[in-house]
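The values are calculated or read from the model by the stated rules, or taken from the named source; none is laboratory data. Predicted model, so just to flag it, every value in this text is computed and none were measured. For neighbour counting, all protein chains shown are included, and Cβ atoms are generated from backbone atoms with ideal geometry for every residue, glycine included. We work out accessible area using only protein heavy atoms, side chains counted, and drop any ligands, DNA or RNA first. Shrake-Rupley method; radii C 1.70, N 1.55, O 1.52, S 1.80 Å.
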Amino acid sequence: MAGSPATAVRETHSEALPSQHVGYVKRPYRWQRVGRQTRPKISYAEFLAWMDEDTLAEWVDGEIVMTSPASQRHQLLTGFLEKVLGVFVEQHHLGLVLSAPFQMKMKQGREPDLLFVAQEHLDRLKETYLDGPADLVVEIISPESLERDRGTKFVEYEAGGVPEYWLLDPLRRWAEFYRLGEDGRYRAAFAGTKGTYHIKALPGCWLRVEWLWQEPLPDAARVTWEIIGVEKLRQLLAELEGQAADQQR
């Protein structure tokens, strides 16, 4: 995920947190720096009450860790993957694809760039967060997030049971795809700048890694139908034609 952690905590409504959490005072769109020794701990429920849809933050060891906005390239790549994977998942009724800002709560409250929740795990979805591991997590690396994505998040996602973890680095044009082994540890299933990766969490779905580095990015609709295949496209077109004929009767 793009952005660097900071030692700042956002000022918010005092009634949003218990009174003992001094230092959280309402002044819209301003930030207050608090020394590490005096920074109050908050629960995940309090963190969710404090957050809003425009806030870029994670909950780590009971503290609020702010992250900075993503770059344009980061946003475009996230959008491309969300469209491609989202249509495939929808066409095959596999579950749900979500992009940041949306929390995934395990030991910590993280905000992956992209996540997929399988149909059989949709009961983990709450209104504002996923309670437990996603079936697939994607983090797009930026210079500020390199250590976090490869270090603390890698360890957390592995320990938390995320079956598939992607690390995509558009600056280096390098992709790594990890799968959780029977021993509970990640193993690299693919690493490189080009080639075809078959997505374990989405049977039948695959990606050409070089698509991720193209400038501009390839047309998401064309890529999606290339992945889905001609037969599925013909089937869909036949269904649409049938619906149109029924409407004309």
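Restricting segment 199-249 to residues that are of a type in the set (D, E, K, R) and part of a loop (DSSP other than H, G, I, E, B), which is most open to solvent (accessible area, probe 1.4 Å)? Step through it out loud before you land on a result.
Step one: list which residues in segment 199-249 are of a type in the set (D, E, K, R), which gives 200, 208, 210, 215, 219, 222, 226, 231-232, 234, 239, 241, 246, 249.
With part of a loop (DSSP other than H, G, I, E, B) added as a condition, the list becomes 200, 215, 219, 249.
Values: Lys200: 135, Glu215: 139, Asp219: 85, Arg249: 213 Å².
Step by step, filter segment 199-249, then rank; the result is Arg249.
Please enumerate the residues belonging to segment 102-124 that are touching a Phe, Trp or Tyr at 6+ places or on another chain (Cβ under 6 Å) and open to solvent by less than 10 Å² (accessible area, probe 1.4 Å).
Across segment 102-124, the qualifying residues are Gln103, Gly109.
Just checking, does segment 13-33 include any residue being at pLDDT below 75, in contact with a strand residue (DSSP E or B) (Cβ under 6 Å, 6 or more places away or on another chain) and more than 30 Å from Asp135 (Cβ to Cβ)?
Yes: one or more hits.
Filter segment 145-171 down to residues that are touching a residue at least 24 places away in the same chain (Cβ under 8 Å), farther than 17 Å from Trp59 by Cβ and surrounded by fewer than 16 Cβ atoms within 10 Å (Cβ to Cβ), then give me how many there are.
2
Exactly one condition in (1) crowded, with 17+ Cβ neighbours inside 10 Å; (2) under 14 Å from Ala201 (Cβ atoms) is not met by Ile141; state its number.
Failed condition: (2).
Can you find, within segment 180-192, the residue that is nearest to Leu136 (Cα to Cα) among those that are in contact (Cβ under 8 Å) with a residue 12 or more places away in the chain and open to solvent by less than 60 Å² (accessible area, probe 1.4 Å)?
Keep residues of segment 180-192 that are in contact (Cβ under 8 Å) with a residue 12 or more places away in the chain, which gives 180, 184-186, 188-192.
Now drop any that are not open to solvent by less than 60 Å² (accessible area, probe 1.4 Å), which leaves 180, 184, 186, 189-192.
Details: Leu180: 11, Gly184: 15, Tyr186: 13, Ala189: 14, Phe190: 15, Ala191: 17, Gly192: 19 Å.
So, considering only residues that are in contact (Cβ under 8 Å) with a residue 12 or more places away in the chain and open to solvent by less than 60 Å² (accessible area, probe 1.4 Å), the one nearest to Leu136 (Cα to Cα) is Leu180.
Quick test of your reading of the structure: Glu158 fulfils all but one of (1) more than 22 Å from Pro101 (Cβ to Cβ); (2) not in a helix (DSSP H, G or I). Name the failing condition by number.
(2)
For Trp174, work out the one condition from (1) surrounded by fewer than 13 Cβ atoms within 10 Å (Cβ to Cβ); (2) in contact with a Ser or Thr (Cβ under 7 Å, 6 or more places away or on another chain) it doesn't fulfil.
It fails just one condition, (1).
Which number in (1) under 12 Å from the mean Cα position of the chain (by Cα); (2) modelled with pLDDT of 95 or more; (3) open to solvent by 50 Å² or more (accessible area, probe 1.4 Å) marks the one condition that Gly79 misses?
Only one criterion is unmet by Gly79, namely (3).
So Lys194 ticks every box in (1) touching a strand residue (DSSP E or B) at 6+ places or on another chain (Cβ under 6 Å); (2) within 30 Å of Ile228 (Cβ to Cβ) but one. Which box is left unticked?
If we test Lys194 against (1) touching a strand residue (DSSP E or B) at 6+ places or on another chain (Cβ under 6 Å); (2) within 30 Å of Ile228 (Cβ to Cβ), just (1) comes out false.
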